[in-house]
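Asker: My questions all concern the structure below.
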Amino acid sequence: MRKVIAVLLLGIVGYYIFSSFLEIPFGENRATIGDYYLENSVEQTGSVNTITSIIVSYRGFDTLGEVTVLFLASTGLAAILFDNRGRKRRRQHASLIVRIGAHLIYPLIILLGAYVFIHGHLTPGGGFQGGAIMATGVLLMFMSYRSFEVNHKWLTYLESFAGITFVTIGLSGLIWGDSFLANVLPLGVPNELFSAGIIPIIYIAVGIKVGAELTGLLDNLLKTIK
Amino acid sequence: MVFYVAGILLVLIGMYAVLTKKNIIKIVIGLSIIDSGINLLLIAIGYVKDATAPIFSNETLKAADMVDPVPQALVLTAIVIGFGVTAVALALVIRLYDNHKTLNINKIRKLKW
């Protein structure tokens with residue numbers, strides 16, 4: 001009975017969502033703000049990846065808020081699970097093949113994550129994606145070795161350092177430029193690694209911060225038994 | 001158009017799971033399916049026919065044949081927020097399981113509908 005009611009309700013909701021989406025033309029022209037970003041972002045920010053220039057430069061303050069939300073999520077999770085300190089992961093040691101394979105792949109995954117966030121202004125990718133890739137590498141080690149531990153003190157240091165770097169760069173824009181997070185460094189030649197001024201530095205900070213936060217979060221979630 | 005249908009369907013499937021399932025883990029999975037559906041919808045709004053990703057990786061690419069970058073930037077934000085929501089929800093589920101030793105919401109008093 002409840003399922004029938006749920007299906008009926010969802011049918012009504014779906015009908016109204018779909019009929020409003022029929023008004024939006026699919027696959028045709030862009031919004032005007034998108035045109036502005038595409039035409040001006042390379043000259044104004046020096047980053048060839050337009051999405052990166054929007055996230056880090058045009059909407060950099062919003063990204064600072066986003067990083068804060070992630071920080072709050074990991075802090076809130078640690079507060080909810082605070083008595084999990086000293087607990088162990090339920091998972092037993094994996095088989096020999098998995099363990100050796102994980103040990104071989106782990107540094108490569110960390111390297112791939114670093115590559116993704118260092119080249120965030122040139123290729124598809126960036127701080128959030130690179131940090132998430134790094135955390136998957138650590139997760140692989142968590143799943144293969146029961147005794148693999150991360151040092152929470154160092155994670156906190158890394159996280160704080162990255163956050164302070166972000167804010168300091170923003171404040172330096174206020175001192176030497178004309179606004180918070182203004183691009184005060186030379187833009188350089190587009191499509192080179194050392195270009196786009198502060199964008200790669202901020203994305204590296206975001207990558208380190210996200211990687212450290214996700215690692216601590218996974219460690220907290222996986223430790224369930226005494 | 002098929003992307004709109006798929007996105008809306010994902011949202012509805014997620015809502016169905018949230019409304020009818022008894023297991024809290026399945027409800028959290030439903031929430032994250034709703035998230036994916038909304039992200040797909042937003043990306044589909046920014047789609048332009050026969051266009052590429054908005055990255056000027058060589059000289060031949062022109063701004064005219066690129067998709068809208070704004071929805072993609074917003075979806076990146078939305079993914080991070082959705083991740084945070086899922087993580088905190090799972091932490092709450094772990095706490096509930098510790099206290100009640102069950103994941104069935106019907107067996108946890110004061111949580112019925």
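Asker: Applying the selection to the stretch B:17-54, what residues are open to solvent by 30 Å² or more (accessible area, probe 1.4 Å), under 25 Å from A:T50 (Cβ atoms) and within 9 Å of chain A (Cβ to nearest Cβ)?
Answerer: Scanning the stretch B:17-54 gives B:I45, B:Y47, B:K49, B:D50, B:A53.
Asker: While we're on this one: Quick check on this structure: which one of A:V13, A:V42, A:V48 is closer than 16 Å to B:L9 by Cβ and surrounded by 11 or more Cβ atoms within 10 Å (Cβ to Cβ)?
Answerer: Of the residues listed, the single one that is closer than 16 Å to B:L9 by Cβ and surrounded by 11 or more Cβ atoms within 10 Å (Cβ to Cβ) is A:V13.
Asker: Here are the criteria: (1) free of Cβ contacts under 8 Å to residues at least 12 places away in the same chain; (2) surrounded by fewer than 20 Cβ atoms within 10 Å (Cβ to Cβ). Tell me which single one B:A78 does not satisfy.
Answerer: (1)
Asker: Return the only residue of B:I34, B:I27, B:I38 being touching a residue at least 60 places away in the same chain (Cβ under 8 Å) and under 27 Å from A:Y16 (Cβ atoms).
Answerer: Matching residue, one of B:I34, B:I27, B:I38: B:I27.
Asker: Based on what the data block shows, is A:L185 of a type in the set (A, V, I, L, M, F, W, C), away from chain B (no Cβ under 13 Å) and in a helix (DSSP H, G or I)?
Answerer: no
Asker: Go through the stretch A:2-52 and give me each residue that's under 16 Å from B:A53 (Cα atoms), of a type in the set (G, A, S) and either within 7 Å of chain B (Cβ to nearest Cβ) or part of a loop (DSSP other than H, G, I, E, B) (or both).
Answerer: A:G27, A:A31, A:G34, A:S47
Asker: Can you confirm whether B:T102 is open to solvent by less than 60 Å² (accessible area, probe 1.4 Å) and either of a type outside the set (A, V, I, L, M) or at the interface with another protein chain (Cβ under 8 Å from one of its Cβ atoms) (or both)?
Answerer: yes
Asker: Residue by residue through the stretch B:56-67, note down the ones that are open to solvent by 10 Å² or more (accessible area, probe 1.4 Å) and in contact with a helix residue (DSSP H, G or I) (Cβ under 8 Å, 6 or more places away or on another chain).
Answerer: Once the filter is applied, which keeps residues that are open to solvent by 10 Å² or more (accessible area, probe 1.4 Å) and in contact with a helix residue (DSSP H, G or I) (Cβ under 8 Å, 6 or more places away or on another chain), the stretch B:56-67 yields B:F56, B:A63.
Asker: Which residue out of A:R89, A:R99 is within 25 Å of A:T215 (Cβ to Cβ), open to solvent by 60 Å² or more (accessible area, probe 1.4 Å), touching a residue at least 40 places away in the same chain (Cβ under 8 Å) and touching a helix residue (DSSP H, G or I) at 6+ places or on another chain (Cβ under 8 Å)?
Answerer: Just a single option satisfies the conditions, and that option is A:R99.
Asker: Something else about it: Looking at the stretch B:62-88 only, could you name the residues that are assigned to a helix (DSSP H, G or I), more than 7 Å from every other protein chain (Cβ to nearest Cβ) and out of contact with any strand residue (DSSP E or B) (no Cβ under 7 Å at 6 or more places or on another chain)?
Answerer: Of everything in the stretch B:62-88, those that are assigned to a helix (DSSP H, G or I), more than 7 Å from every other protein chain (Cβ to nearest Cβ) and out of contact with any strand residue (DSSP E or B) (no Cβ under 7 Å at 6 or more places or on another chain) turn out to be B:A64, B:P71, B:L74, B:V75, B:A78, B:I79, B:G82, B:F83, B:V85, B:T86.
Asker: Here is a further query. Which of the numbered conditions does A:I105 fail, given that it passes all the others? Conditions: (1) open to solvent by 60 Å² or more (accessible area, probe 1.4 Å); (2) at pLDDT below 90; (3) part of a helix (DSSP H, G or I).
Answerer: (2)
Asker: Can you name the residue in the stretch A:175-215 that is among the small types (G, A, S) and at pLDDT 85 or above and is also farthest from A:G46 (Cα to Cα) among such residues?
Answerer: Checking each candidate, the answer is A:A212.
Asker: I would also like to ask the following. Determine, yes or no, whether B:L92 is open to solvent by 60 Å² or more (accessible area, probe 1.4 Å), part of a helix (DSSP H, G or I), within 29 Å of A:N220 (Cβ to Cβ) and more than 7 Å from chain A (Cβ to nearest Cβ).
Answerer: no
Asker: Taking into account only those residues within the stretch A:118-144 that are open to solvent by less than 10 Å² (accessible area, probe 1.4 Å) and within 14 Å of the chain's Cα centre (by Cα), which is farthest from A:G197 (Cα to Cα)?
Answerer: A:A135
Asker: Looking at (1) within 10 Å of chain A (Cβ to nearest Cβ); (2) in contact (Cβ under 8 Å) with a residue 12 or more places away in the chain, find the lone condition where B:E59 falls short.
Answerer: Exception for B:E59: condition (2).
Asker: Does B:G14 satisfy the criteria of being assigned to a helix (DSSP H, G or I), within 30 Å of A:Y203 (Cβ to Cβ) and open to solvent by less than 30 Å² (accessible area, probe 1.4 Å)?
Answerer: Here the answer is no, as B:G14 does not meet what is asked.
The values are calculated or read from the model by the stated rules, or taken from the named source; none is laboratory data. From a predicted model like this one, the values you see are computed outputs, not experimental measurements. We place every Cβ from the backbone using ideal geometry, glycine too, and count neighbours over all the protein chains shown. What goes into the accessible areas is simple: the full protein's heavy atoms, side chains included, and nothing from ligands, DNA or RNA. Shrake-Rupley method; radii C 1.70, N 1.55, O 1.52, S 1.80 Å.
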